[in-house]
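Heads up: the structure comes next, in structure tokens.
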Amino acid sequence: MYIEMKREHDRIRSLLDEIGHLIRGDGPPPCGRLARLRWTLVREHMVHSRRERAVIDTSPCKQSSAGAHRCENDQLEELVLCQVKRWNEAAIGAEWQTYRAETSNLAHRLRTQMREEERAFSQDEHRLRVAQRSCTTGFRLAGAACAG
């Protein structure tokens with residue numbers, strides 16, 4: 001599951017890179033390509049968010065911060081969707097610099113969130129391995145079977 005989530009992060013980062021490349025210019029790029037990338041980002045992020053919720057909700061290594069993380073993730077999902085809805089072709093053309101700044105800020109937040117998720121997933125994987133190892137090793141040494 002964690003490997004799949006990392007692949008999703010990589011796909012989202014790739015979309016953010018493409019969008020970032022398109023918005024580097026002094027004026028709006030052809031909106032057809034930008035619009036497709038933006039809606040693809042919305043779709044990819046929503047799918048990822050739902051998968052992540054399922055992982056958080058079923059993780060044996062839930063942390064007390066899981067609720068706060070889920071809230072932040074839900075807020076980011078809403079921001080991604082609202083940003084795409086708010087910035088239609090006309091609005092982008094009329095307020096190009098504002099659009100660029102908001103898009104860059106949103107991309108930064110998404111990248112930061114993904115780094116934090118990957119760090120948490122890595123910690124969860126480590127905890128699971130340690131727990132499995134100690135369960136297997138500890139109970140075998142004591143001569144008892146490992147439950148679960």
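The values are calculated or read from the model by the stated rules, or taken from the named source; none is laboratory data. Predicted model, so just to flag it, every value in this text is computed and none were measured. Reconstructed Cβ throughout: ideal geometry from the backbone, glycine too, with neighbour counts over all protein chains shown.
Some values worked out for this structure:
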| item | result |
| --- | --- |
| Lone qualifier among 77, 118, 89 - being within 16 Å of residue 41 (Cα to Cα), modelled with pLDDT of 85 or more and not β-branched (Val, Ile, Thr) | 77 |
| Hits in the range 30-44 - residues which are at pLDDT 90 or above, of a type outside the set (Ser, Thr, Tyr) and surrounded by 14 or more Cβ atoms within 10 Å (Cβ to Cβ) | 34, 35, 37, 38, 41, 42, 44 |
| Residue that is nearest to the chain's Cα centre (by Cα), among those in the range 1-25 that are of a type outside the set (Gly, Ala, Ser) and closer than 13 Å to residue 99 by Cβ | 19 |
| Residue, farthest from residue 90 (Cα to Cα), within the range 1-29, restricted to residues that are basic (Lys, Arg) and modelled with pLDDT of 95 or more | 11 |
| Residue within the range 45-54 that is among the basic types (Lys, Arg), under 20 Å from residue 76 (Cα atoms) and surrounded by 13 or more Cβ atoms within 10 Å (Cβ to Cβ) present | yes |
| Which numbered condition residue 71 misses (of (1) surrounded by 14 or more Cβ atoms within 10 Å (Cβ to Cβ); (2) in a helix (DSSP H, G or I); (3) at pLDDT below 95) | (1) |
